[in-house]
Amino acid sequence: MAPVAVLVGPPGAGKTTIGEAVAAALGLTFVDTDALIEARAGKPIPDIFIDEGEPVFRALEREVVAEALTSFPGVLALGGGAILDEATRKLLHDHTVVFLSVELSDAIKRVGLGGGRPLLAMNPRATMKYLLEQRRPLYTEIATHTITTDARDPAEIATEVATLLR
């Protein structure tokens, strides 16, 4: 059992919004690995970062993603940094991966100035720019499909993704 599709992309790409719409269009369930991580840890992701640190969060993320890739049959969205882990990227090569691409200006509009996003807590614009530059090659490496989301309606994007998956 494996996901029909795995959505990846930076914060603000629309993974949750589009993933929920794609799942509904295909009659599937949707889950975001960030929600699975929070459920397993019993606390919000910002608290995991503060209480245990990013390495503990990333280890938990690696476990949760690996499990979901072998047991979840719907539309799965990964946290923006999940692709930083080489083992996770290797696992993704066996799946249909949709990279939701977004440029800095749209990402900042959608995310705001980092509320609830621990990596964006300090200097969100510069941090987002760095994250986009650092991660884009990794998203591209594992993507089966790349969809540009800038200045587009989420419903339009979801329809495009659902059509690709049918």
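From Cα pairs below 8 angstrom and at least 6 apart in sequence, can you work out the relative contact order of the chain, rounded to a whole percent? Please list the in-between numbers first.
On the way: 265 pairs, mean separation 59.5, N = 166.
Relative CO of the chain lands at 36 percent.
If R0 is 22 Å, what FRET efficiency do you get for residue 141 and residue 165 from their C-beta distance, rounded to 0.05?
On the way: r = 20 Å, r/R0 = 0.93.
Efficiency at R0 = 22 Å is approximately 0.60.
What nm value, rounded to one decimal, do you get for the distance between residue 126 and residue 35 when each label is placed 7 Å out toward the C-beta?
Using points 7 Å along Cα→Cβ, the separation is 3.5 nm.
Would you tally the net charge around residue 91, using a Cβ to Cβ cut-off of less than 12 Å, leaving residue 91 out, and scoring K and R as +1, D and E as -1?
Details: positive: 62, 89, 90; negative: 63, 67, 85, 86, 94.
It works out to a net charge of -2.
So how do 149, 127 rank on accessible area, 1.4 Å probe, biggest first, that is with the largest at the start? If you can, show how the numbers build up before the last one.
Values: 149 0, 127 30 Å².
Order by accessible area, largest first: 127, 149.
Rounded to the nearest whole Å², what accessible area per residue is found for segment 5-159 with the 1.4 Å probe?
Values: 7100 Å² over 155 residues.
That works out to 46 Å² per residue.
Let's test the formula: R0 of 41 Å, r as the Cβ-Cβ distance of residue 153 and residue 52. What FRET efficiency results, to the nearest 0.05?
Working: r = 38 Å, r/R0 = 0.93.
Efficiency at R0 = 41 Å is approximately 0.60.
Accessible area of segment 1-90 with a 1.4 Å probe: how many percent of it is carbon plus sulfur? Mind dumping the intermediate values first?
Numbers: 2100 of 3660 Å².
The nonpolar share, carbon plus sulfur, comes to 57 percent.
For segment 31-93 and segment 1-26, what is the separation of their Cα centres, given in Å?
15
The values are calculated or read from the model by the stated rules, or taken from the named source; none is laboratory data. Everything numeric here is computed off the predicted structure, so don't read it as measured data. As a convention, Cβ positions derive from the backbone with ideal geometry for all residues, glycine included, and neighbour counts pool all protein chains shown. Remember, those area values only see protein heavy atoms, side chains included, never the ligands or the DNA or RNA. Shrake-Rupley method; radii C 1.70, N 1.55, O 1.52, S 1.80 Å.
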